[in-house]
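What follows is a short report on a single structure.
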Amino acid sequence: TSPVLSPCHCYFFSFSLSVSWKRILCIIFLPPILPGFAPRVKDQEDLISADAQLQLAQYSMFNWSYLTPLKLMDRSVGLQTESRVGSKPYFTLGGHKFLIFGGSIHYFRVPKEYWRDRLLKLKACGFNTLTTYVPWNLHEPQRGKFDFSGNLDLEAFVLMAAEIGLWVVLRPGPYICSEIDLGGLPSWLLQDPEMILRTTYKGFVEAVNKYFDHLISRIVPLQYCKRGPIIAVQVENEYGSFAEDKDYMPYIQKALLERGIVELLMTSDDAKHVLQGCIEGVLATINMNTFQMDDFKELSQVQRNKPIMVMEFWVGWFDTWGSEHMVKDAEDVEDTVSKFITSEISFNVYMFHGGTNFGFMNGATYFGKHKGVVTNYDAVLTEAGDYTEKYFKLRKLFGSLVAMHLPPLPKLSPKAEYPAVKPSLYLPLWDVLQYLNKPVISHAPVNMESLPINNGNGQSYGFVLYETSICSGGSLHANVQDTAQVFLNEKNIGLLGDDIKKLNIPEIKECQLLRILVENQGRVNFSWKIQDQRKGLTGPVTIDNIPLNGFIIYSLEMTMSFFERLRSASWRPVPKSYSGPAFYLGTLKAGSSPKDTFLRLLNWNYGFVFINGRNLGRYSIIGPQETLYLPGTWLHPKDNEIILFEKRKSGSYIQTIDEPKL
């Protein structure tokens, strides 16, 4: 038990043999310390299961202390793969044997003020690598107009990771899935009626080239060879599940190389689609839910003499509105990670910290029915950056394997409950139209993406209101994506959706205003369905098969500038009850030192919450999620403007609590 034994180090293990012998005590003599390794004796209480301990013994000496971005000075040799007789293939970094212990955090889902806290917690858990996607739709919201500021400052996030001691595996797309709207592709691509996403279709390639010209020039200086932390770059994402164009992946590979990417390239696919997604000269990695040897069979056909990398080990999952809350068992996570390590498999935990789908950025699924993704994501760290059982189990496991002491745990951010807010003023949607930008006048309906607004880039998110006059009732038919409320003047007469195409309009005595309010609930982010994600009214509107024309179309993007204009509106006192879409205004009093909190809207139905003009995301009575995360850094001392856009019926109070209800 002496911490220093020379020339050998002595470890005691109790383990079971597969033969009929009873348990035996085994003394294992390990050779003197090797480069990149150092002895570490743990207390008995820190030991994991005896059966696993023997296999883990060889890794319990791993020393990463000098394999960090700030300490590794010689950058002549980056992340490479090696294969030697008598050993499994492995990664090397700077010439030293290296296992990737990665964790995913998406900078665009975390307030910039909290980046350091989340990265420190990644490091303190025992991880050595950060992985992150890069969302094209957020970085280029309009053609040629790029945004890498504030919460989208990719370079600042990557450099912060390096400062904290983390390497980076970057996943720049252009398609990223990521449970984000259209898999991270900008919606203005859909203006081209012939567009075929994720192929070598001319219009798509031209757009990718212009985006990569800008993006990759920012990434190149952050590479390992340039003394940055990026050790690997992923080529596209899960293309094997799509696989519509054999020339597409080689094109993306070439696009990265020609623009100066020199670090190790990787692909990423689920176990069943590795063969369809891999390309020559690029390391294939796989994604999985749990450790099963059968999942590696296709990978072994692609590359036999390369180390295995699990690019996504799913330690949690996302929820969709109207479905059950998904939580993965912490012991299953620990067991799978242990098996990765004993099998010398590098891995990335997806997600280490899921962050929040703020605003309208959420994606959607489609398995016979469109379902939007909620704001929260089950992960190792909670949405608010709090520790979970998964975190502590992984930290204990990693702590038993590495030679150096793990950093101390960062303190948790304090949470608060504030006085309940009862909105005192409201504006029906119909009163708000005058504060919107000039409406579009069109003979026929125009889908959201094709509206001639935003410098010709159309509308990406939010709502669209279509108005036209009708003078008779009958059977109304319309193709709606994703859901719509239908009104005669201000009276709600029914709903339309992707599965409800028809609605009976009662007979009317005089001409009235037909209003169709359409909501984009998030574009599908996975599968071939991404080709069919134009929102709003996507075809003619008819009554008894007669097309309607003469539309006035209002865009409701609900941007910060829109809420600034609303401050000059003539708000009305809130009535006892109001049915229909409306905005509700109240004041959240946060005291002198605002802290994180969670909004709970028990008596409200469906809508969005805006704090000081920032969109926190969607709430819905159908669940499963019952609260919305409100970062304290977005609150002002004392008074804060809170506005609800409620689609259906007014509620009463807006509560705050100090823990989420998911």
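Scattering from the chain was approximated by placing one identical point on each alpha carbon and applying the Debye formula without solvent; log10 I(q)/I(0) at 0.06, 0.08 1/Å stands at -0.38, -0.65.
How much length, in nm to one decimal, is gained on full extension between residue 417 and residue 500, taken as 0.36 nm per residue of separation minus their Cα-Cα distance? The partial results should precede the final answer.
On the way: separation 83, 0.36 × 83 = 29.88 nm, distance 4.12 nm.
Full extension from residue 417 to residue 500 adds 25.8 nm.
The length gained by stretching the chain between residue 435 and residue 276 to full extension, at 0.36 nm per residue less their Cα-Cα distance, is 52.2 nm. A simple spin-label model places pseudo-atoms 7 Å from Cα toward Cβ; at residue 405 and residue 244 they are separated by 5.6 nm. Restricting region 578-652 to trypsin sites (Lys or Arg not before Pro) that sit in a DSSP loop and have at most 12 other Cβ atoms within 10 Å of their own Cβ leaves 638.
State the percentage of accessible surface on region 206-341 attributable to carbon and sulfur atoms; use a 1.4 Å probe and exclude ligands, DNA and RNA.
47 percent
In the chain, a dipole from Cβ-located charges (positive for Lys and Arg, negative for Asp and Glu) runs towards its positive end, and of 505, 560, 274 it is 560 whose Cα lies farthest in that direction. Between the beta carbons of residue 579 and residue 369, assuming R0 = 30 Å, the FRET efficiency works out to 0.70 to the nearest 0.05.
Rounded to the nearest 20 debye, the dipole size of the chain about its Cα centre is 980 debye, using +1 on the Cβ of Lys and Arg and -1 on the Cβ of Asp and Glu.
Only Cα pairs under 8 Å and 6+ residues apart enter the sum, and on that basis the relative contact order of region 227-275 stands at 58 percent. The dipole here belongs to region 473-561: it is taken about the Cα centre, uses +1 on the Cβ of Lys and Arg and -1 on the Cβ of Asp and Glu, and is about 120 debye. Multiplying the residue separation of residue 304 and residue 145 by 0.36 nm and removing their Cα-Cα distance gives an extension gain of 52.8 nm. Here the spin labels are modelled as points 7 Å beyond Cα on the Cα-Cβ line, and at residue 549 and residue 587 they lie 5.3 nm apart.
Exceeding 21 Å between C-alpha atoms, which entries from my cross-link table qualify? They are 306/328; 339/396; 71/393; 576/649.
306/328; 71/393
The separation of region 446-501 from region 60-95, counted between C-alpha centres, amounts to 57 Å.
When the solvent-accessible area of region 444-549 is split by element, carbon and sulfur atoms take up 50 percent of it, the probe being 1.4 Å.
Hey, which of these cross-link pairs are over 26 Å Cα-Cα: 226/297; 202/371; 123/210; 501/647; 112/647?
Values: 226/297 36 Å; 202/371 31 Å; 123/210 35 Å; 501/647 20 Å; 112/647 31 Å.
From the list (226/297; 202/371; 123/210; 501/647; 112/647), the Cα-Cα distance tops 26 Å for 226/297; 202/371; 123/210; 112/647.
A dipole drawn for the chain from +1 and -1 charges on Cβ atoms has a positive end, and of 575, 372, 300 the residue lying farthest that way is 575. Of the peptides 467-477, 267-277, the ranking by mean beta-carbon count within 10 Å, highest at the top, reads 267-277, 467-477.
The values are calculated or read from the model by the stated rules, or taken from the named source; none is laboratory data. Keep in mind it's a predicted model, so treat the numbers as computed, not measured. Here Cβ is always computed from backbone atoms with ideal geometry, including for glycine, and neighbour counts include all displayed protein chains. Accessible surface is based on the protein model in full, side chains and every heavy atom, while ligands, DNA and RNA are left aside. Shrake-Rupley method; radii C 1.70, N 1.55, O 1.52, S 1.80 Å.
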